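Encoded as structure tokens, the structure appears first; notes follow it.
The values are calculated or read from the model by the stated rules, or taken from the named source; none is laboratory data. Only a predicted model underlies this, so the values are computations on that prediction, with no experimental measurement involved. Positions of Cβ are backbone-derived with ideal geometry, glycine not excepted, and every protein chain shown enters the neighbour counts. Accessible surface is based on the protein model in full, side chains and every heavy atom, while ligands, DNA and RNA are left aside. Shrake-Rupley method; radii C 1.70, N 1.55, O 1.52, S 1.80 Å.
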Amino acid sequence: MVSTGERQVAAPPFAYPLPGSWPYIPGMAAVSPLVQVALPLPVATPYTYAVPTPLADRVVPGARVVVPVRRREMVGVVVGTDEAPPAVQPREILAAPDDEPSLPPSLLRTAEWMAGYYGTPLGLTLKAMLPGPLWGESELHLIRLSDAGVGGGTAGDLIRWLDRKGGRASMSSAARALQKPLWSVADRLVRIGAIRLDTESPPADISRATVRALELAEPRLGLLERDLRFARRPRRREVYELVEQAGAPLPVPDVKARLGVSAAVIDALIEDGLVRIVELEQYRDPFAAMSVTAPPLPSEPQRLAVERIAALEPGQDALLFGVTGSGKTLVYLEAISQAVAAGRGAIVLVPEIGLTPQTVSRVRGVFGDRVAVLHSALSEGERTDAWRALRRGERMVAVGPRSAVFAPIPSLGYIVIDEEHEATYKNGEAPRYHARDVARVRCRLDGARLVLGSATPSLETAAALARTDRLIRLPDRVGSRPLPPVELVDLKTAPQVQGVGGLPWSVALDDALRRTVARGEQALLLLNRRGFASFLQCPSCGDVVTCPHCSISLTIHRHPARLRCHYCGHHAPLEEACKACGHPTVRSRGVGTQQVEQVVAERVPEARVARMDLDTTG
């Protein structure tokens, strides 16, 4: 392998045998002074770096390292060793910030499988597996030293610009200001001693939230000493003994809240050397205050389903095929409970972020604080805290949409994919993957079991498991409750309500809605189009107003009144005349949720109407 710390010239290809044949090698360690490092860049092969002796115990497959790349430093992940002697001496790894590998061996092998199967660079695949704060890139700064031999031209312009900036600025800002590449100029100025290049390293540690906490200083006071020291200071004694009873660092806000003491009392104890301040890491959990739902007792069909799932061989999958309301979620929870009791973790995937709180409530009703949530709507700090808690084994169950399939659970027992037929389990951006297929690979590598749940399973899942004993049916709803009646209305022949514009509003729907509201009940009207109407069209020439950036029709909105692109956010005023032919009137076509809201308010004025779409709900 030939490498200079940049992109490799050649590298042995990854092998991608069937996942079931991959050996699981716990505790992999680097046995070579050369390692391959995958960086979050769109390159096909890893980079080769030398391992300094002081870092040899930390630089193992799955570990994060800080490495030089051209004139910057980046965070990458060690993916293997390199035994081939290099033609050019490779550059050395600069730092290995973690005490243990960030990715367990099975997750690293999953990333290698994804890179080969989906044709995605390994570095970008690994980037999807780790929280954003774990990655970083350095910034190169130019520092002014002297005027010796600078001359004119671009070099002189750069020196004068640096002087105006106080003698120090980043290379990127200098290139933007002078509007030209500066690498060769900077090289020459460094050689003649006019400037110096300084690199600010990327943040190699995870962003952490901390809180000030109190712990006792040594030696501890005896009873007689306390009587003397706190004779006229009972509040200080209360704080001292509270911290002592805690047996661990106690957050300062908790001390103040429990004893009602002021900051002056705590500061006095610190000045006397009786207690000291430590920084206590704080777990950021946006779902901590959420109410939980205790699960009911499983029915006999549910209990039998749990037994069949528990009987699966490690690495096998099963389809839980149950009608809506049959209690599939309770089956998941009972199966996971057995795994957690045996010291193994689980991942529960839901099709979209909006369903995560509901699932978290039910899962926490069983597992309490051992549940962590992973999804893209959380802040970077919240995701990082959850990721770290799972990696250290402090939390055993991960809940989230498709990206939660990468949760770093050390001992994985189950992956559950609820509503496995949903298309949202496909990731449409690099790295492109299907969470169901990735979950199947992870289960085979970790010896875990995969449970797919659906009332309408996907064709490929049903075809694969239909003739096996791994198709588990729940044909009845809990308590033998009947399914709600369904009535199909053919809008071609059904009587229509007049005076509602272009909205297909049948008499049957109008009557049913009025009766529902009269009974004091609620109703849901579903429409997969937001806005007021789909597009604006000229009745004369047929021209449709489109987005200048995306080449799609602009959607009509009434609140506020404008045309909007649902792809890029471009908006424009409503047109009163056609720009193409000048026809004085244009017509709206199609329907949207705003139009339905208006019609409901007009037809059923006594109803309280709430519209829920991306324009009103976050």
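List of remarks:
- Hits in the stretch 464-493 - residues which are surrounded by 10 or more Cβ atoms within 10 Å (Cβ to Cβ), under 17 Å from Asp510 (Cβ atoms) and either among the hydroxyl-bearing types (Ser, Thr, Tyr) or touching a Leu at 6+ places or on another chain (Cβ under 9 Å) (or both): Val489
- Leading residue by the ranking (least open to solvent (accessible area, probe 1.4 Å)) among those in the stretch 562-608 that are among the acidic types (Asp, Glu) and farther than 30 Å from Arg515 by Cβ: Glu575
- Looking only at the stretch 500-544, residues that are open to solvent by 40 Å² or more (accessible area, probe 1.4 Å) and part of a loop (DSSP other than H, G, I, E, B) come to 19 in all.
- Test: residue in the stretch 347-360 that is among the acidic types (Asp, Glu) and over 20 Å from Leu412 (Cβ atoms): yes
- Single condition Arg436 does not satisfy, out of (1) open to solvent by less than 40 Å² (accessible area, probe 1.4 Å); (2) in contact (Cβ under 8 Å) with a residue 40 or more places away in the chain; (3) part of a helix (DSSP H, G or I); (4) within 20 Å of Phe321 (Cα to Cα): (2)
- Number of positions in the stretch 529-584 that are of a type in the set (Phe, Trp, Tyr) and either in contact (Cβ under 8 Å) with a residue 24 or more places away in the chain or touching an Asp or Glu at 6+ places or on another chain (Cβ under 6 Å) (or both): 2
- Matching residues, the stretch 483-513, being in contact with a helix residue (DSSP H, G or I) (Cβ under 8 Å, 6 or more places away or on another chain) and under 15 Å from Val600 (Cβ atoms): Val497, Val500, Gly501, Leu503, Trp505, Asp510, Leu513
- Spans of strands (runs of 3 or more DSSP E) in the stretch 29-112 with at least 2 residues at pLDDT 90 or above: 34-38, 47-50, 72-81
- Subset of the stretch 64-86 (residues that are within 14 Å of Ala50 (Cβ to Cβ), open to solvent by 70 Å² or more (accessible area, probe 1.4 Å) and in contact (Cβ under 8 Å) with a residue 40 or more places away in the chain): Glu83
- Checking His421 against (1) part of a helix (DSSP H, G or I); (2) more than 24 Å from Gln338 (Cα to Cα), the condition it does not meet: (1)
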